[in-house]
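Chemist: Provided herewith is a single structure, encoded as C-alpha cells, for subsequent inquiry.
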Amino acid sequence: MAKDPVCGMMVDEKKAAATSIYNGVTYYFCSKHCKMEFDENPTKYIDASDNK
C-alpha cells in the first residue's frame, strides 16, 4: 500500500486510480483529482508525504 500524497489515503498500488512519476519516484493516487492537484505543484505535497 502507498499513501496518496495529496489526501493521505492509503492506496493499493495495483488498484490506484492514477499515478505520477516525479524525480524518479512513482506516486499513487486515490483519484484523478488528487493526481491533478499533485501535478500542478508536486513540491507542495512531497515534503508532507512519506510515500516513496
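Each reported figure results from applying straightforward, stated rules to the coordinates on display, with no laboratory input. If you're wondering where the values come from, they're calculated on a predicted model, not measured in any experiment. Glycine gets a Cβ as well: all are built from the backbone with ideal geometry, and neighbour counts include every protein chain shown.
Chemist: Could you list which residues have their amide H under 5 Å from that of Met9, counting only those 5 or more apart in sequence or on another chain, with H placed in the peptide plane?
Modeler: Correct list: Asp4.
Chemist: Then there's this: Could you list Ile46, Ile21 in order of exposure, starting from the residue whose Cβ has the fewest other Cβ atoms within 10 Å?
Modeler: Final ranking by Cβ density, sparse to dense: Ile21, Ile46.
Chemist: I would also like to ask the following. With +1 on each Lys and Arg Cβ and -1 on each Asp and Glu Cβ, and nothing else charged, work out how big the dipole of the chain is about its Cα centre, in Debye to the nearest 20.
Modeler: Around 140 debye, computed over the chain.
Chemist: Using the Karplus curve 6.51 cos²θ - 1.76 cosθ + 1.60 with θ = phi - 60°, work out ³J(HN,Hα) for each residue of region 14-31 in order, rounded to whole Hz, and write x for Gly and Pro.
Modeler: Along region 14-31, the couplings run 6, 10, 4, 5, 7, 9, 9, 10, 9, 6, x, 10, 8, 10, 10, 10, 7, 8 Hz.
Chemist: May I pose another question? At 0.36 nm per residue, and after removing the present C-alpha to C-alpha distance, how many nm does the segment from Thr26 to Lys44 gain when stretched out fully?
Modeler: In short, 4.9 nm is gained.
Chemist: Which translational diffusion coefficient, to the nearest whole µm²/s, is obtained for the chain from the Stokes-Einstein equation, given a Kirkwood hydrodynamic radius over C-alpha pairs, 10 °C and 1.306 mPa s?
Modeler: 152 µm²/s
Chemist: While we're looking at this one, here's another question. Taking H placed 1.01 Å from N in the peptide plane, check which residues at least 5 places from Tyr22 or on another chain put their amide H under 5 Å from its amide H.
Modeler: Tyr27
Chemist: Still on this structure, I have one more. In percent, what relative contact order does the chain have, based on Cα pairs under 8 Å that are 6 or more apart in sequence?
Modeler: Normalised by residue count, the contact order of the chain is 40 percent.
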